[in-house]
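Here the structure is laid out as structure tokens; the discussion comes afterwards.
The values are calculated or read from the model by the stated rules, or taken from the named source; none is laboratory data. If you're wondering where the values come from, they're calculated on a predicted model, not measured in any experiment. Please note: Cβ atoms are built from the backbone with ideal geometry, for glycine as well, and neighbour counts cover all protein chains shown.
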Amino acid sequence: MRTLAIAQDQPPLMPAEFQPAIQAILSDIDFAHEHELEKVEKSAMDDSFKMRLVGKLNQLHQERRRPYAYELLLLENRTRSISRRSSRS
């Protein structure tokens, strides 16, 4: 398995070390999305326009989240794989 090394005098980074950063990014994306939805809800826009706007915001939210959620899934799978291999040793 490939790991990243920041500097030669530091140990290589393992997949689990990236998970908190990716989870924080996802949390930020979700928070920003909720904030945008609240602004739309409180606005004086026409209801049909609000519905279309909410649909578009939801679509953009999923598009923003997708690459990070996918990377998080890959990291979790790698971590499980490493754990299984180390428990066999």
Residue that is modelled with the highest pLDDT [pool: residues in the range 9-55 that are surrounded by 12 or more Cβ atoms within 10 Å (Cβ to Cβ) and of a type in the set (S, T, N, Q)]:
23
Subset of the range 41-89, residues over 24 Å from residue 29 (Cα atoms), among the small types (Gly, Ala, Ser) and assigned to a helix (DSSP H, G or I), comes to 48, 81, 83, 86, 87
Taking the options 3, 79, name whichever one is under 17 Å from the mean Cα position of the chain (by Cα) and modelled with pLDDT under 95.
79
For the range 17-59, give me the residue count where each residue is aliphatic (A, V, I, L, M) and under 21 Å from the mean Cα position of the chain (by Cα).
10
